[in-house]
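The values are calculated or read from the model by the stated rules, or taken from the named source; none is laboratory data. Quick caveat, the model's predicted, so the values are computed rather than measured. In this analysis, Cβ positions are derived from the backbone assuming ideal geometry, glycine residues included, and neighbour counts consider all displayed protein chains. For accessibility, only protein heavy atoms count, side chains too; no ligands or nucleic acids. Shrake-Rupley method; radii C 1.70, N 1.55, O 1.52, S 1.80 Å.
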Amino acid sequence: MNKFELKFSAMIENEAVLRVLVSSFLAPLGISDEEIMEVKTIVSEGVSNAIIHGLENDPNRMVEVRIELDDEELYIMIKDDGKGIEDLELALTPMFSTLKIEEHTGMGFTIMSTFSDEFDVKSAVNHGTEIHIRKYLHHYDNDIV
Amino acid sequence: MYRMIDSEPKIYVVPNEFGGVEVKKIRDEIIKEIDEIKPNYIIFDMRDTTFIDSSGIGFLLGRYTQVQRYKGKVVLYGVNKPISKLLRLSGMYSIMQIVDREEEEVL
């Protein structure tokens, strides 16, 4: 079991930091580049949501991330205590975005759930949002022909 | 099967990783340039791109909308397999011309 927890300011620059961190965390495991890319995308979408939508880019507020790896089972938790999601069903609809003007695709949740094995969102207006993700990774380094 | 290009295409090289921060860095400049020169074709060269998220996809979609106003076209060139999966999921294949990395030699 390997895990870490961190908190960082709601600045979009920190999303890129997380990406590097996730790559380094997964690199020694011998999983495919495609799976690493999928995990990076999941984290990027979740963290971007928390920064942009939940905490509205306020650097004084913090996003919390927890990543745990137990053998091939990866667990990711992304949490903010921001404004929360009013209509979760609508938010989970592909192509739906509350921010129309800034080229938001409304695909974040769809992408996250596609790349995850288990995906769960809990949200309360004015209290924040919590995303829980489980993904089963496939070590490939032992069975290369 | 590819339409003839009737004016000089504008080529933009997409960075290795294309998420929120990278979009923010280049977005305004590219929007301004497209508005000024109004190229009939824009090619986003994605041969070096290994990561994109919905911010990156949103940017590409935004440029598509921008050139649509004057009937311009957007081509995504040299897209790798994992990214192709993401673009397909986001419905990009039905609106843009996308050349996957494996079929690059077709052009």
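Worth a mention:
- Residue check for B:Gly91: over 24 Å from A:Val17 (Cα atoms) and more than 8 Å from chain A (Cβ to nearest Cβ): no
- Residue count for segment A:71-99 under the criterion of being in contact with a Gly (Cβ under 9 Å, 6 or more places away or on another chain) and not aliphatic (A, V, I, L, M): the result is 11.
- Scanning segment B:50-65 finds no residues that are surrounded by 12 or more Cβ atoms within 10 Å (Cβ to Cβ) and more than 14 Å from chain A (Cβ to nearest Cβ).
- Subset tally (residues that are buried (at least 22 other Cβ atoms within 10 Å of the Cβ) and not hydrophobic (A, V, I, L, M, F, W, C)) for segment A:38-67: 9
- Residue satisfying all of: in segment B:67-84; in a helix (DSSP H, G or I) and surrounded by fewer than 18 Cβ atoms within 10 Å (Cβ to Cβ); farthest from the other protein chains (Cβ to nearest Cβ) among these: B:Gln68
- Cross-chain or 6+ apart pairs with Cβ under 6 Å, segment B:19-35 first and at the interface with chain A (Cβ under 10 Å from one of its Cβ atoms) and in contact (Cβ under 8 Å) with a residue 12 or more places away in the chain, then among the hydrophobic types (A, V, I, L, M, F, W, C) and surrounded by 13 or more Cβ atoms within 10 Å (Cβ to Cβ): B:Gly20/A:Ile12; B:Val23/B:Phe59
- Per this entry, A:Pro28 is counted among residues that are more than 11 Å from every other protein chain (Cβ to nearest Cβ), farther than 19 Å from A:Glu118 by Cβ and without any contact (Cβ under 8 Å) to a residue 24 or more places away in the chain.
- Verdict on B:Glu36 being over 13 Å from the mean Cα position of the chain (by Cα), buried (at least 21 other Cβ atoms within 10 Å of the Cβ) and among the acidic types (Asp, Glu): no
- Filtered residues of segment A:104-130 (kept if buried (at least 16 other Cβ atoms within 10 Å of the Cβ) and over 21 Å from A:Lys40 (Cα atoms)): A:Ser123, A:Gly128
- Test: residue in segment A:43-58 that is on the phi > 0 side of the Ramachandran plot and touching a helix residue (DSSP H, G or I) at 6+ places or on another chain (Cβ under 7 Å): yes
- Checked against (1) open to solvent by 60 Å² or more (accessible area, probe 1.4 Å); (2) part of a loop (DSSP other than H, G, I, E, B); (3) of a type outside the set (Lys, Arg), B:Asp28 meets all criteria but (2).
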